[in-house]
Amino acid sequence: MKGSQILEMGKWCRKLIVASLMLLTWTSDAQDILITDELVSDELLVICRQDQDSFKLRWAPTTWQVLEAARTHGFLLERTEFHQEDTTQLQIHLPFPEASRIADDSAAMENLEVIHAILTEEDAINGLPRGALGTFARFEANQMRLGFLLFTLDQNFLLAKHLGMGWSEKASKDRIIRFRISIPNTPYSQEIYNSYRCSVDPTPIDRVLAYPEDQMIVLNWDNYHNLSGYVAYNVERSRDSIIWDVLNEHPLAIVDRDTLDQEIMTFSDTVEYNFVDYYYRVQGITSFGEHGPYSHPIRIQARPRLEINKPYFEQAGNQGDTAVTVQWRIAGKDSALIAYQILQHATHPDSAFVFLDSLSGNSRRYTDMQASFQNYYRLHAVDAFGRMYSSSLMYGHLPDHEVPDIPSGLWVEVDSSGNTSLQWNANQELDLSGYRVYYRRHLQDEPIQLTTATIQDTTYFHHLPLDMLHLDAYYQVQAEDDAGNRSDRCDPVKIVLPDTVPPAKPSIISTISDFEGVSLHLSLSSSKDVQTQTLWRRVYSTSSWIVLDSLLNQYNGTQYVYRDTTLTAGLKYYYKISAIDSSTNQSYSDPAEAARTDNKIKPGPVDCEISWQRRSGMQDFRWKYKDLGQLNYFRIYRARSGSSGFRTYKHLSIELLSPEIDQNGFFNYGYQVPQESREDGYVYKIQASFSDGSVSESAEFRMK
């Protein structure tokens, strides 16, 4: 094929590629207006489907922990029908079948045997060897098992009903019905109405794009903007658009539901010939096992790959401080067959890239007249067959001459020792480098800069020499950005140094952090005329201090340990102490930094012992644990001596245990297992699990 023919052939796909790139940009901006038929909570998902005379419900747990609660307690369906004069209520308990029953019924229902394998960790799953899930952390393995389970139920509504996670009935659209799904004896619940959302019929996938490769066709389609709630897809191919073959052996699953705003499905099909017409269409499958209508068929031919390298940016130059000019090159013997190029722009490498301009195939230079201070560029070159070659990012910048705002809200305080503390409001510029602090003894003097470099905090401490305590003092603050632009200094704030002696300065000697909070070792003011001493706290990233506690005068002049358990994990805090005497003179301690420790791993059980009772023929497990709240269950693991492959031996729900509390606040637990003879050669461990998803450290049982 001649080069001119190839370029002519590429014209038809130019609009297609441009539209697809603009579509990807629009997708990230439109995510907030998506209408969905899912009511999402942290524990349960509920969806509905209604046609002319029937109504269907599907629900599913979001974690393996919630699923285990459902396996124990089942689901409770509360149906409330609203009439003009009264309401009708109905409660239906839907138990989760026992594993043994699922195994017995597996031959009578399709995929029930698969469900049994998923729920039983020791069995093989889809041909995996025994113990294959043991190579993952337990929560990872359980989430994989949950994903397998829900995907299997999505393809078979009768199977979902069999497991108590589906419901259907004859219902009219004219009636208002509320369905509440809950797990008894747990806080997990969710509700949904038979509103118009349940009556939306599946629609075809209308954004299917096809790209040619050498003896291969790549299909992309948008799963985000289709409102049908598809969870899987089938892809079909035809040579004549009449007889179609399904290409995927199993439905194509959506693996990660957490990235719907970026979700583009991709399918690659290897074909036998280039330059031969092939037709493709896509069909969605809902969580009710319902197959939607086919997409509009796409006709495309596979094409051989050309020798074209990815575009390479050579430079991005400043043009008169008003524009950025980028230059690039494209190597490869077929680079002359580039049909056109698309240039994209962003102000940050992690933000969305937007369409900047469409260029001819031989362009190698572009001047961006709308450039900002920081610019990132990406180039897509498209050949005559519609294939895209994308560059790496290129950075270009313009000088920043815009000065920051003048800092506001400067507040200054000084004690009789000359210790001055300054605070001011934080500026809002994104490129702010920090602040500079200035001081002068007299208003007519030239300001002296106290900071040798910019500081990022909005608090500053300064010490005045003692021989200046009888004078006034003036402070100012100046803001500076990353480009070195400085604002004007704020209006000077005058302080009048007191001629009375404030209280002796309190101090925070040390801070000790743990999982529950922070212990502050305080040394309070020893002044005899001190009236109140107050402990203050603020979040490190803010400038607002809050009163934490008013310390008792009986501790004046002594060291005192204060316990703060009202901290939020992951935040850093500043603490300080203020002391006020009878003349309203105040003194402050230096701020101390502290943060609560929280690694989501709680302390493990203690005093774990195991013994065998000869007379009763029982193996006796004993352990102690201090209740930390939200305790859900204990799990005992067992392994052969010398082996690291621990497996679940016993799963002990809190409701099955009757502990006794001792004088130290520990609960003494016990559990017995029938054992005819003393068992040797095994090692046992125990771990506590909590309803918030956290776990404790594991503890090993000592043979008594």
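For the reader, a short list of remarks on this structure follows.
- Near pairs, Cβ below 6 angstrom, 6+ apart or cross-chain, from the range 676-704 (under 15 Å from residue 652 (Cα atoms) and modelled with pLDDT under 80) to any residue that is among the acidic types (Asp, Glu) and crowded, with 17+ Cβ neighbours inside 10 Å: none
- Subset of the range 392-431 that is within 37 Å of the chain's Cα centre (by Cα) and not in a loop (DSSP other than H, G, I, E, B) - its residue that is surrounded by the fewest Cβ atoms within 10 Å (Cβ to Cβ): 395
- The residue pairs whose first member lies in the range 604-615 and is under 15 Å from residue 635 (Cβ atoms) and in contact (Cβ under 8 Å) with a residue 40 or more places away in the chain, whose second member is of a type in the set (Asp, Glu) and in a loop (DSSP other than H, G, I, E, B), and whose beta carbons are closer than 6 Å, counting only pairs six or more residues apart or on different chains, are 604/697.
- Check on residue 668, assigned to a loop (DSSP other than H, G, I, E, B), among the polar types (S, T, N, Q) and more than 31 Å from the chain's Cα centre (by Cα): no
- Among residues of the range 671-692, those that are surrounded by 14 or more Cβ atoms within 10 Å (Cβ to Cβ) and not in a strand (DSSP E or B), counted: 3
- Taking the range 651-660 as the range and being under 19 Å from residue 690 (Cα atoms) and not in a helix (DSSP H, G or I) as the test, the residues that pass are 651, 652, 653, 657, 658, 659.
- Once the range 181-196 is narrowed to residues that are buried (at least 20 other Cβ atoms within 10 Å of the Cβ), at pLDDT 90 or above and not in a strand (DSSP E or B), the residue that is farthest from the chain's Cα centre (by Cα) is 183.
- Condition met for residue 112 (among the aliphatic types (A, V, I, L, M), farther than 25 Å from residue 630 by Cβ, buried (at least 17 other Cβ atoms within 10 Å of the Cβ) and over 33 Å from the mean Cα position of the chain (by Cα)): yes
- Residues of the range 148-180 satisfying the condition of being open to solvent by less than 10 Å² (accessible area, probe 1.4 Å) and either closer than 10 Å to residue 58 by Cα or modelled with pLDDT of 85 or more (or both): 153, 159, 160, 163, 164, 165, 166, 177, 179
- If you filter the range 255-278 down to residues that are in a strand (DSSP E or B) and surrounded by fewer than 17 Cβ atoms within 10 Å (Cβ to Cβ), you find that the one that is modelled with the lowest pLDDT is 264.
- Taking the listed residues 306, 252, the one that is open to solvent by less than 60 Å² (accessible area, probe 1.4 Å) and closer than 30 Å to residue 394 by Cα is 306, with no other qualifying.
- Listed by first and then second residue, the pairs linking a residue in the range 493-505 that is modelled with pLDDT of 70 or more and open to solvent by 80 Å² or more (accessible area, probe 1.4 Å) to a residue that is aliphatic (A, V, I, L, M) and not in a loop (DSSP other than H, G, I, E, B), with Cβ atoms under 9 Å apart and 6 or more places separating them unless they lie on different chains, are 494/412; 494/473; 496/414; 496/473; 505/577; 505/579.
- Close pairs from the range 73-95: first touching a residue at least 40 places away in the same chain (Cβ under 8 Å) and under 17 Å from residue 48 (Cα atoms), partner among the hydroxyl-bearing types (Ser, Thr, Tyr) and surrounded by 14 or more Cβ atoms within 10 Å (Cβ to Cβ), Cβ under 8 Å, at least 6 apart: 75/182; 76/182; 78/182
- For the range 600-645, the set of residues classified as loosely packed, with under 14 Cβ neighbours inside 10 Å and small (Gly, Ala, Ser) consists of 616, 617, 629, 641, 642, 643, 644, 645, listed by residue number.
- Residue 434 vs. criteria over 30 Å from residue 549 (Cα atoms) and in a strand (DSSP E or B): yes
The values are calculated or read from the model by the stated rules, or taken from the named source; none is laboratory data. All of these numbers come straight from a predicted model, not from anything done at the bench. Here the Cβ is made from the backbone with ideal geometry for all residues, glycine too, and neighbour counts use every protein chain on show. Surface areas here come from the heavy atoms of the whole protein model, side chains and all, with no ligands, DNA or RNA. Shrake-Rupley method; radii C 1.70, N 1.55, O 1.52, S 1.80 Å.
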